[in-house]
1. Could you please tell me which pairs satisfy a Cβ distance under 7 Å, a separation of 6+ or placement on different chains, a first residue in the range 11-36 that is in a helix (DSSP H, G or I), and a second residue that is at pLDDT 50 or above and of a type in the set (G, A, S)?
2. Look through L132, L147 and report the one residue that is among the aliphatic types (A, V, I, L, M), part of a strand (DSSP E or B), outside the structural domain of A32 (by TED's automatic domain parsing) and surrounded by fewer than 14 Cβ atoms within 10 Å (Cβ to Cβ).
3. Look at the range 225-256 and say how many of its residues are more than 29 Å from the chain's Cα centre (by Cα) and modelled with pLDDT of 90 or more.
4. So W148 fits all but one of (1) in contact with a helix residue (DSSP H, G or I) (Cβ under 7 Å, 6 or more places away or on another chain); (2) free of Cβ contacts under 8 Å to residues at least 40 places away in the same chain; (3) under 30 Å from I231 (Cα atoms); what number is the exception?
5. How many residues, within the range 306-318, are within 24 Å of Q259 (Cβ to Cβ) and surrounded by 11 or more Cβ atoms within 10 Å (Cβ to Cβ)?
6. Collect the residues in the range 193-248 that are of a type in the set (S, T, Y) and either farther than 24 Å from G298 by Cα or part of a helix (DSSP H, G or I) (or both), keeping them in residue-number order.
7. May I ask you to list the residues in the range 249-281 that are crowded, with 17+ Cβ neighbours inside 10 Å, assigned to a loop (DSSP other than H, G, I, E, B) and of a type in the set (A, V, I, L, M)?
Amino acid sequence: MRALSPILAITLLALPAFGQAPAPRAQAVVEAGVVTLGDIFDNAGPRAETTLGPAPAPGRRFVVEAPQLAAIARDYGLAWRPVAGDERVVVERPGRAMRREEVLEPLRAELVALGADPELDLDIPGFQPPNLPAGAPDARIAVDGALWDGASRRFSATLVVVAEGMPTFTQRVSGRAVAMRDVVVAAKPLRSGDLVMPGDVTVSRMATDRAPANAAEDAELVVGQRLRRAIVAGQALAQADVVAAPVITRDASVQLLHQVPGLTLTAQGRALEDGFRGRVFHVLNLASGSVVQAEVLGPGRARAVGAATSLPPAIAARVNRREQASR
């Protein structure tokens, strides 16, 4: 048997195994800071570890289109050519977003050293913390060239973030130190008359001089209320924007609980007026015909808190009509 010539042997070694032709991946997820030939092409052969260029920034992606893929295959001797012309590889690099406070805390410490009030928060419009590589340890953050104006409470500084597996992140930021407060804002557009649900609102930090003076601060006091007007996403809600919605509506059936030490009795009742959470309302006990004051427990449920000694005229009239109708 004749031995293969050296040139033919090298050529055969460079080819992929039979049935495993090189082909571009639909998606390439890279962990390192560079993109290799093997990241882009399956069955890339012995040159699979060859570096093609830098990887996307952590948390970002780019697309390698068919003409670029063809050029890479040609330059690295891969037996692949575009067929449809729409072949592409999406190259993405996992990342984790740094917490905003994680980045700003060293800046706050620097500004305090320059005379800023430590109780004030930093308002930096448009600032977004960088993403770190998914597996990278915590970053090192430095502040350079910080400037502070005590009269206007404005500042500027250069933030430097260093982390393994990414280029050094450098950004000049400017803003002002402000008093902040929690306000309830709409998480999505809300229509007039909507009942506010837990996912409809969120609590956000806002500069005190930008937040409405009457803005709601506790989401629990807004959820379950009905809107008086339409609210756009991101807009702060004022207490005047909502009105209490009844948990139990007038004439609805009510499971009425009578509690005494060691014993709980249940009776069927009917609401004589709307029942709101946290308020006492009047319920007619259908078994005894008596009217009691009750505390709302939830939809269709209330706890009797005592006999109704005197009834508002409208409710007294309704009770009288019921009594006359039952005779």
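The values are calculated or read from the model by the stated rules, or taken from the named source; none is laboratory data. This one's a predicted model, so the numbers in the text were calculated from it and none came from an experiment. Please note: Cβ atoms are built from the backbone with ideal geometry, for glycine as well, and neighbour counts cover all protein chains shown.
1. That search, which allows pairs on different chains as well, returns A14/G45; A14/G77.
2. On the way: L132 fails: surrounded by fewer than 14 Cβ atoms within 10 Å (Cβ to Cβ).
The unique qualifying residue is L147.
3. Residues in the range 225-256 being more than 29 Å from the chain's Cα centre (by Cα) and modelled with pLDDT of 90 or more: 5 in total.
4. Every listed condition holds for W148 apart from (3).
5. Filtering the range 306-318 down to residues within 24 Å of Q259 (Cβ to Cβ) leaves 306-311, 315.
Then keep just the ones that are surrounded by 11 or more Cβ atoms within 10 Å (Cβ to Cβ); that gives 308, 311, 315.
The number of residues fulfilling the criteria is 3.
6. Of all residues in the range 193-248, those of a type in the set (S, T, Y) come to 202, 204, 208.
Within the range 193-248, S204, T208 meet the criteria.
7. L272
This table checks each residue for (1) within 28 Å of A116 (Cβ to Cβ); (2) in contact (Cβ under 8 Å) with a residue 24 or more places away in the chain; (3) hydrophobic (A, V, I, L, M, F, W, C); (4) outside the structural domain of L111 (by TED's automatic domain parsing).
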| site | (1), (2), (3), (4) |
| --- | --- |
| T168 | yes, no, no, no |
| S174 | yes, yes, no, no |
| V185 | yes, yes, yes, yes |
| K188 | no, yes, no, yes |
| M197 | no, yes, yes, yes |
| P212 | yes, yes, no, yes |
| R228 | no, yes, no, yes |
| A233 | no, yes, yes, yes |
